[in-house]
Each structure stands twice: as structure tokens, then as C-alpha cells.
Amino acid sequence: MKIKATISLFFTLSLVMGIFSPAASMAEDETPTVAILSYGNTGAVSGRLVQAIFDVLNYHGYLSNDEVASILPNEDFHGENLNIIWRDAGLDVSNVNIMTEYALDRGATILVPTTTVVTLNAIQAAIDSGIEPTPLVIFSLVGAPYNSGVADAPCVKPPNVVGSHALSNYEEVLALLPMQDPDVDYIGSFLNPGNGGHVNAYEQIKLHAEPMGITVEAAPWVNAGDGIVNADTLIDDGVDMFVSLGYPSSLPAIIEAANAASVPIVATAMSYLRRGVHIAAGFYSYYSEGAVVGQMLTAALDGDLDAARIGIHAAPKVTVGLNLDTIADSGIEISDELMARADFVIENGESSEVFVKPDYPDIDMDERRANRAAFLDTLHCTDEMIEEQRNQMADE
């Protein structure tokens with residue numbers, strides 16, 4: 001991938017020439033500017049990620065309570081200690097570069113992108129900007145950073161890039177299938193060949209399905225209509241379930257076909273649960289992800305983040321949700337074991353989930369920074385770790 005090659009070259013040259021100084025001041029201006037960049041509207045759930053970032057900024061003194069309450073998406077915020085540019089691309093790829101360039105043109109020295117497409121754009125834009133020091137990129141909600149070109153390994157990455165890997169444990173996800181159907185041995189998976197995240201997810205599904213004696217049949221799709229045709233074909237072939245990271249925009253028609261055949265639809269992206277899939281299992285720790293980003297961000301603002309030596313964070317945790325409304329429409333009977341495993345359900349359009357924000361200890365600022373430093377120490381990349389990861393890559 002051209003972007004990946006360019007980023008890797010930048011990484012190598014930076015180490016040789018010393019052109020990136022992570023401990024350098026974020027900006028000449030007294031008030032630093034941070035840009036939060038997302039692909040689409042944050043929504044009720046992923047909005048927790050942004051809320052967590054604001055909460056950590058508040059906790060470390062960069063935003064007051066009143067300022068947090070006044071910040072609005074797609075508007076520029078000018079605060080006493082921090083300026084924030086908060087933009088989303090409206091799910092339109094053509095808008096991604098526009099909003100990133102907008103942020104850089106208005107003095108953003110830290111870019112906080114979410115999702116793979118926005119992160120790749122932010123990294124490349126930071127490199128191409130000619131700004132010195134190179135703007136810092138703190139990413140999140142990237143499901144496959146090492147397959148998409150964001151980084152090569154947790155400690156092998158551009159020196160101006162840190163972030164959190166939205167890691168799903170596919171082994172744990174696949175373990176749910178025999179909970180529902182002990183005889184499952186044939187599943188269908190939708191795959192957009194042009195989407196690195198989809199390709200990685202499909203490979204992970206196959207990797208963990210094979211030892212379980214489960215055959216995985218890929219249903220490639222480019223256009224929405226491909227999804228309907230492939231779903232019907234797989235149902236006719238006798239699949240026991242659909243298991244996929246993503247589904248085409250023809251998902252309503254796929255759900256209708258699956259319901260008629262009583263074939264469960266499983267998504268490894270939790271956002272599909274509200275869109276009608278029967279079972280969703282995967283990454284759902286939006287607030288925790290935002291808190292990690294917030295820790296990195298406040299450390300950078302304080303001049304305490306050595307980005308080149310901070311590895312990519314990952315905390316695999318699988319959340320399971322059931323859409324009892326679409327399950328009822330399908331005639332599928334959910335097993336007692338899977339029902340007991342579910343973290344929450346949607347029934348009559350309402351979610352049973354209860355979200356409670358974590359407590360932030362009331363301690364002085366020095367102690368807060370010490371706790372943050374202790375967390376960041378767990379991500380420290382030593383020379384030995386970098387060399388080991390490079391050697392592993394060379395052997396693959």
C-alpha cells in the first residue's frame with residue numbers, strides 16, 4: 001500500500017535525521033489547538049469516546065465543567081487553556097481530507113482521528129504538512145492498525161503516532177457459535193475486498209473457525225445488490241449462520257432472507273445490533289478507549305509524552321448483545337447459554353444496557369499526573385521490544 005510505504009519511510013528517516021521531537025512544545029501559541037476528527041456522527045454509543053476525552057481533559061485542568069458543556073460537534077471551540085476543532089466527515093470519504101486540512105490550517109498540532117480511513121488520512125496529512133515538529137496523531141477505533149498501514153507493529157510505527165487498537169478477540173467471538181448451535185459447521189461471511197478491516201476480520205474468523213471444524217464461505221460484495229444475491233446463495237447452500245465484521249447497505253434485505261430461513265446473523269461490530277442483526281459480539285469499550293486517548297492527549301499537552309517510545313494500546317474485551325426484536329421476527333430460539341452470556345439485549349426497541357461512568361479520584365494534580373505516567377509506562381517501547389518486533393515482521 002502506497003500510504004503504508006510512505007509512512008514507514010517517514011519513520012525510518014525521522015529516526016536517522018531526528019526531525020521529530022515528541023517532547024517539543026505543541027505550538028508557539030499560548031493556547032494549543034487539538035482537532036477531533038471522526039468519519040461520521042458520533043451517535044449515542046461512540047459519543048462516549050469523545051465524552052471520555054473531554055472528561056480526562058477536564059480532570060487534568062484543560063477544560064472546565066462549563067467549557068465541556070459548551071463544546072458542540074462541527075464547531076470550533078476556543079477555551080481558556082485549549083482550543084478544540086471537532087469535525088466529522090458525514091460518512092463521506094471525500095470530506096475526510098477537507099476536514100483534516102482545515103484543522104491543520106487553523107493551527108492544530110495534535111490530531112485525534114477515529115476509524116481507519118480518518119487515521120490514515122491524518123497520518124499522511126501530518127507528514128505532508130511540512131509543520132515542524134510534525135503534528136502528533138492519537139488515533140482510536142481502528143480495528144486493524146497493522147493490516148491497514150497505520151503501523152507495522154505496536155512499537156514499530158511513525159514516531160508521531162500513538163493510539164489505541166479497537167481489538168476484538170475473534171477466538172472468543174467464535175466460541176459463541178456452539179453456544180447457540182452445538183452442531184454448527186458451516187458459516188457465511190461477507191467481505192468487501194477493498195476494505196482492509198473486512199479482510200483482516202475475515203482472516204481472523206477463518207483462523208479461529210478451522211480448529212473448531214467450521215468451514216467459512218466468503219461472500220464478496222462491492223455493490224449493495226451483491227449482498228442480497230450472496231446471502232440467498234449461502235442460505236441455499238445451507239449455512240448455519242452468518243458471521244461477519246460488516247454487512248452491505250442491503251442489510252435489511254439480508255435480514256429478511258435470514259429471518260425467513262431462521263439463519264442467525266452475527267456481527268463482530270456492535271453498531272450492527274441496532275441495525276437489526278440478531279447477535280453482535282466485539283469491541284464496545286468506547287468510554288475506556290476515549291479515556292486512553294485522553295491520557296495520551298493530556299500527557300502530550302503537558303510535554304510528558306515521548307510518542308516515539310509509546311506503543312499502541314490494546315485491551316481485548318468482547319461484549320455480547322442480542323436483538324430480541326429481530327430474533328422474535330426470525331423464529332430463532334436463543335440458547336440459555338448464549339442468553340446468559342449476553343451483556344445486554346434490545347427488546348421492544350429499548351436497550352437493557354446500564355452505562356455508568358467510572359469515578360475519577362479526587363487527588364491533587366501531581367498525583368493525577370503520576371497515575372497517568374504509571375499507565376503510560378505500561379506502554380513503553382524499549383530498544384529490545386522494537387528490535388524483536390522488527391525481527392518478527394522480517395520472519396513473516
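Note down the relative contact order for the range 205-329 as a percent, whole number, built from C-alpha pairs under 8 angstrom at least six residues apart.
19
Take the Cα atoms of the chain, find their three principal axes, and give me the spread along each one in whole Å, biggest first.
For the chain, the Cα extents along the three principal axes come out at 64, 49, 37 Å.
Can you pull a Stokes-Einstein diffusion coefficient for the range 108-250 at 10 °C (1.306 mPa s), Rh from Kirkwood over Cα pairs, as a whole number of µm²/s? Walk me through the numbers before you get to the answer.
Values: Rh = 16.9 Å.
D = 94 µm²/s.
Evaluate the distance, in nm, between pseudo-label points positioned 7 Å from the Cα of M385 and of E367 along their respective Cα→Cβ axes.
Roughly 2.7 nm, to one decimal.
Answer with one residue from S94, Q51, N391: the one whose Cα lies farthest towards the positive end of the charge dipole of the chain, charges on Cβ with Lys, Arg +1 and Asp, Glu -1.
S94
Out of all Cα-Cα pairs in the range 307-381, roughly what percent, to the nearest whole number, are more than 22 Å apart?
For the range 307-381, the fraction of Cα-Cα distances above 22 Å is 53 percent.
Please state, as a whole number in µm²/s, the translational diffusion coefficient that the Stokes-Einstein equation yields for the range 218-351 at 4 °C and 1.567 mPa s, with Rh defined as the Kirkwood radius across alpha carbon pairs.
After rounding, the answer is 77 µm²/s.
For each of H208, H78, count neighbouring Cβ atoms within 10 Å of the residue's Cβ, then give the residues from fewest to most.
With the fewest neighbours first, H208, H78 line up as H78, H208.
Report the Cα-based extents of the range 192-284 along its three principal axes, largest first, to the nearest Å.
Here the Cα extents, ordered largest to smallest, are 30, 26, 24 Å.
Whose amide H sits under 5 Å from the amide H of C381, counting only residues 5 or more places off or on another chain, with H placed in the peptide plane?
For C381, the qualifying residues are I310, G311.
For helix 93-105, report the angle its Cα long axis makes with the longest principal axis of the Cα atoms of the chain; keep it between 0 and 90° and round to the nearest 10°.
Orientation of helix 93-105: about 10 degrees from the principal axis.
Only sites in a loop by DSSP and with at most 16 other Cβ atoms within 10 Å count here; which GluC sites (Glu not before Pro) in the range 39-109 make the cut? Before the final figure, lay out the partial values.
Numbers: sites: E67, E75, E80, E101; in loops: E75, E80.
Filter output for the range 39-109: E75, E80.
Once you charge only the Cβ atoms, +1 for Lys and Arg and -1 for Asp and Glu, what is the size of the charge dipole of the range 246-396 about its Cα centre, to the nearest 20 debye? Mind dumping the intermediate values first?
Working: 10 positive and 26 negative charges, 90 e Å.
Once rounded to the nearest 20, the dipole reads 440 debye.
For a footprinting-style exposure proxy, rank D237, D325 by other Cβ within 10 Å, fewest first.
D237, D325
For the chain, take the longest principal axis of its alpha carbons; what is the angle in degrees between that and the long axis of helix 196-209, to the nearest 10 within 0 to 90?
50
How many angstrom lie between the Cα centre of the range 108-137 and the Cα centre of the range 255-294?
Measuring centre to centre over Cα atoms gives 29 Å.
In deg cm²/dmol, rounded to 500, what helix-only [θ] at 222 nm does the chain give when every DSSP H run of at least 4 residues adds -39500 (n - 2.57) and the total is split over its residues?
-12500 deg cm²/dmol
Please determine, in degrees from 0 to 90 and to the nearest 10, the orientation of helix 365-377 with respect to the longest principal axis defined by the Cα atoms of the chain, where the helix direction is its Cα long axis.
60
Number of Lys-Lys pairs in the chain under 21 Å by Cα, sequence gap 8 or more or different chains?
Counting lysine pairs in the chain gives 4.
Output wanted: per-residue J couplings in Hz (rounded whole) for the range 130-144, from phi through Karplus 6.51 cos²θ - 1.76 cosθ + 1.60, θ = phi - 60°, x for Gly and Pro.
So the J values, rounded to whole Hz, are x, 6, 10, x, 4, x, 6, 10, 10, 9, 7, 6, 9, x, 9.
Dipole size in debye (nearest 20) for the chain around its Cα centre, Lys and Arg Cβ +1, Asp and Glu Cβ -1? Intermediate values should be presented prior to the final figure.
Details: 17 positive and 55 negative charges, 143 e Å.
Approximately 680 debye in magnitude.
Just so you know, all these numbers are worked out from the coordinates, no wet-lab data involved. This structure is a prediction, so every number in the text was calculated from the model and none was measured. Here the Cβ is made from the backbone with ideal geometry for all residues, glycine too, and neighbour counts use every protein chain on show.
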